[in-house]
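Asker: Just passing along the structure, written as structure tokens.
The values are calculated or read from the model by the stated rules, or taken from the named source; none is laboratory data. Source: prediction; values computed, not measured. Here the Cβ positions follow ideal geometry from the backbone for every residue, glycine too, while neighbour counts run over all protein chains shown. Just so you know, the surface numbers come from the protein's heavy atoms only, side chains and all, with ligands and any DNA or RNA stripped out. Shrake-Rupley method; radii C 1.70, N 1.55, O 1.52, S 1.80 Å.
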Amino acid sequence: MRFVGVDPATTTGFVALDEVGNVLVEEDLRGTGKTVPGGISEEQLANLGHSLYNHLHPDDVAVMENAAPGTQRGITTGMIHGVLRYMIHRRKIKPVFLMPNTVKKYVGVTGWIIEAGKKRRLEGSEKKAHVAAGVFEHFGYSHKSDNVTDAYIMAKIAEAVYRVQNGGNLDLYTPYQREVIWSIVSPAAKPPKKPKNTNKPETNKRLGKPAAADSHTYFKEQQFLF
């Protein structure tokens, strides 16, 4: 069994973790063949799909990112997502599909920052830099590819969901990570609140973050979709 994250695009990020969370595969997948300006050719699309299929194992626990509403180049995005979903289905894997803002939320990134008392939306490379910093802060992981970095987040979400569904302690994750996990484990219910009174001293060592997990800022009023 592996925990897999898939970030669909013309260059698709793919990450697979082993049963204890070690990285087995971290790769950008890109279809080969005739190129099409500003899009993807049928040859490239087919090759990309087969590449993903060959990277998947039937017993993978997978999370794949959904396309954001209003995304640019919608036809190309739809083609890629459709082919990759079909290949996942062929492997008889039932993945979890998450919106981009939910993926970023898992590492404490909302798409907004506060400067001089005012909230400002993150854009482009600045947003990607915040995601990369969030991944490194939470998990000590980095990669030169933004696609692989996003796929790594999804693989960690797949791992966390599996552990919680199999008796793992939800309290070992940060508040915003618990929200993401619980939205998958029990989407119709609110996440259970952490007990306020306990005789056991609380540790700041969490699966979701190496230390000081609850100190990371998260703005609940976010409306921006990545």
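Asker: Are any residues in segment 85-118 more than 21 Å from Ile184 (Cα to Cα) and outside any loop (DSSP other than H, G, I, E, B), and if so, which ones?
Answerer: Result: Tyr86, Met87, Arg90, Trp112, Ile113, Ile114, Glu115, Lys118.
Asker: Looking only at segment 1-20, decide whether some residue is among the polar types (S, T, N, Q) and open to solvent by 60 Å² or more (accessible area, probe 1.4 Å). Even if it seems obvious, please write down each step before you answer.
Answerer: Within segment 1-20, the first condition is being among the polar types (S, T, N, Q), and the residues that meet it are 10-12.
Keeping just the survivors that are open to solvent by 60 Å² or more (accessible area, probe 1.4 Å) gives none.
Within segment 1-20 (the criterion being among the polar types (S, T, N, Q) and open to solvent by 60 Å² or more (accessible area, probe 1.4 Å)), the answer is no, since none of the residues qualifies.
Asker: Only residues that are among the aliphatic types (A, V, I, L, M) and closer than 28 Å to Pro192 by Cβ: list them for segment 132-171, please. Step through it out loud before you land on a result.
Answerer: Keep residues of segment 132-171 that are among the aliphatic types (A, V, I, L, M), which gives 132-133, 135, 148, 151, 153-155, 157-158, 160-161, 164, 170.
Result: Val135, Ile153, Met154, Ala155, Ile157, Ala158, Ala160, Val161, Val164, Leu170.
Asker: Still on this structure, I have one more. Within segment 23-47, can you find the residues that are more than 27 Å from the chain's Cα centre (by Cα), surrounded by 14 or more Cβ atoms within 10 Å (Cβ to Cβ) and at pLDDT below 95?
Answerer: Gly33, Val36
Asker: Which residue out of Gly39, Gly82 is farther than 22 Å from Ile181 by Cβ, of a type in the set (Gly, Ala, Ser) and part of a helix (DSSP H, G or I)?
Answerer: Of Gly39, Gly82, the one residue that is farther than 22 Å from Ile181 by Cβ, of a type in the set (Gly, Ala, Ser) and part of a helix (DSSP H, G or I) is Gly82.
Asker: Look at segment 112-130 and say how many of its residues are closer than 24 Å to Phe14 by Cβ and free of Cβ contacts under 8 Å to residues at least 12 places away in the same chain.
Answerer: 3
Asker: Here are some conditions: (1) more than 18 Å from the chain's Cα centre (by Cα); (2) at pLDDT below 95; (3) closer than 18 Å to Leu29 by Cβ. Gln72 meets all but one. Which one does it not meet?
Answerer: (3)
Conditions (1) of a type in the set (Lys, Arg); (2) in contact with a strand residue (DSSP E or B) (Cβ under 9 Å, 6 or more places away or on another chain); (3) within 26 Å of Tyr162 (Cβ to Cβ), marked per residue:
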| residue | (1), (2), (3) |
| --- | --- |
| Pro69 | no, no, no |
| Ile75 | no, no, no |
| Asn101 | no, no, yes |
| Gly111 | no, yes, no |
| Gly117 | no, no, no |
| Ala132 | no, no, yes |
| Glu137 | no, no, yes |
| His143 | no, yes, yes |
| Val148 | no, yes, yes |
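Asker: Another question, then. Restricting the search to segment 131-171, which residues are closer than 26 Å to Thr11 by Cα, crowded, with 18+ Cβ neighbours inside 10 Å and without any contact (Cβ under 8 Å) to a residue 24 or more places away in the chain?
Answerer: Ala132
Asker: Here's a check for you: in segment 52-69, which residue that is open to solvent by less than 30 Å² (accessible area, probe 1.4 Å) and modelled with pLDDT of 95 or more is farthest from Gly39 (Cα to Cα)?
Answerer: Among them, the one singled out is Asp60.
Asker: Just need a number here: residues in segment 97-111 that are buried (at least 18 other Cβ atoms within 10 Å of the Cβ), of a type outside the set (Gly, Ala, Ser) and touching a residue at least 40 places away in the same chain (Cβ under 8 Å). Explain how you work it out, then say what you get.
Answerer: Restricting attention to segment 97-111, the residues satisfying the condition of being buried (at least 18 other Cβ atoms within 10 Å of the Cβ) are 98, 100, 102-111.
Narrowing further to those that are of a type outside the set (Gly, Ala, Ser): 98, 100, 102-107, 109-110.
Add one more test, that the residue is touching a residue at least 40 places away in the same chain (Cβ under 8 Å), and what stays is 98, 100, 102-107, 110.
Within segment 97-111, residues that are buried (at least 18 other Cβ atoms within 10 Å of the Cβ), of a type outside the set (Gly, Ala, Ser) and touching a residue at least 40 places away in the same chain (Cβ under 8 Å) number 9.
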